[in-house]
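For reference, the structure discussed in these notes is given below.
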Amino acid sequence: MNFSSARIITADLNRLVSFYEQVTGMPMTRYTDDFAELRTPLATLAIGSTRTVQLFGGDDVARAATNRSVIIELRVEDVDNEYEKLADFLGDAIVQKPTTMPWGNRSLLFRDPDGNLINFFAPVTSAAQQRLDG
């Protein structure tokens with residue numbers, strides 16, 4: 001089995017697509033008015049409108065802007081550089097400025113417009129680099 005993607009359900013697809021394009025510097029592919037993807041070499045971040053939930057069984061399957069337990073993690077080259085580039089854009093959405101975590105990753109934690117937590121991280125210790133690079 002291979003992890004393939006994570007999907008965010010949102011009531012405002014255009015707003016989230018624009019946000020993720022801004023913070024990643026990468027274009028998202030919009031397949032329909034209700035679905036877009038950000039593909040990376042390891043996994044995909046998908047964004048679906050609330051209308052797509054109907055295809056999975058209805059409104060009770062997922063609710064937009066209610067996540068309080070998942071953190072979407074994106075590995076970057078330099079967390080501090082990303083912070084400098086995005087600090088003004090993110091503003092109050094920043095939850096934690098760049099911090100080195102006990103497990104050896106440098107981390108910048110912020111929220112997207114729907115309140116989902118995003119972690120930009122980079123391994124900064126040799127143990128973390130070895131763990132992540134195999």
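The values are calculated or read from the model by the stated rules, or taken from the named source; none is laboratory data. These figures come from a predicted structure and were not determined experimentally. Methodologically, a virtual Cβ is constructed for each residue, glycine included, from the backbone with ideal geometry; neighbour enumeration extends over all protein chains shown.
Among the residues of segment 1-19, the ones that are out of contact with any Asp or Glu (no Cβ under 7 Å at 6 or more places or on another chain), assigned to a helix (DSSP H, G or I) and touching a residue at least 12 places away in the same chain (Cβ under 8 Å) come to 2 in all. The single condition among (1) surrounded by 14 or more Cβ atoms within 10 Å (Cβ to Cβ); (2) modelled with pLDDT of 95 or more; (3) more than 15 Å from the chain's Cα centre (by Cα) that T32 does not meet is (1). For segment 75-123, residues that are out of contact with any helix residue (DSSP H, G or I) (no Cβ under 8 Å at 6 or more places or on another chain) and either of a type in the set (A, V, I, L, M) or not in a helix (DSSP H, G or I) (or both) total 16. Being within 14 Å of the chain's Cα centre (by Cα), at pLDDT 95 or above and not assigned by TED's automatic domain parsing to the domain that holds I47 holds for only one residue in F89, F121, and it is F121.
Take the residues in segment 1-29 that are among the hydrophobic types (A, V, I, L, M, F, W, C), surrounded by fewer than 17 Cβ atoms within 10 Å (Cβ to Cβ) and closer than 22 Å to E82 by Cβ; name whichever of them is nearest to the chain's Cα centre (by Cα).
A6
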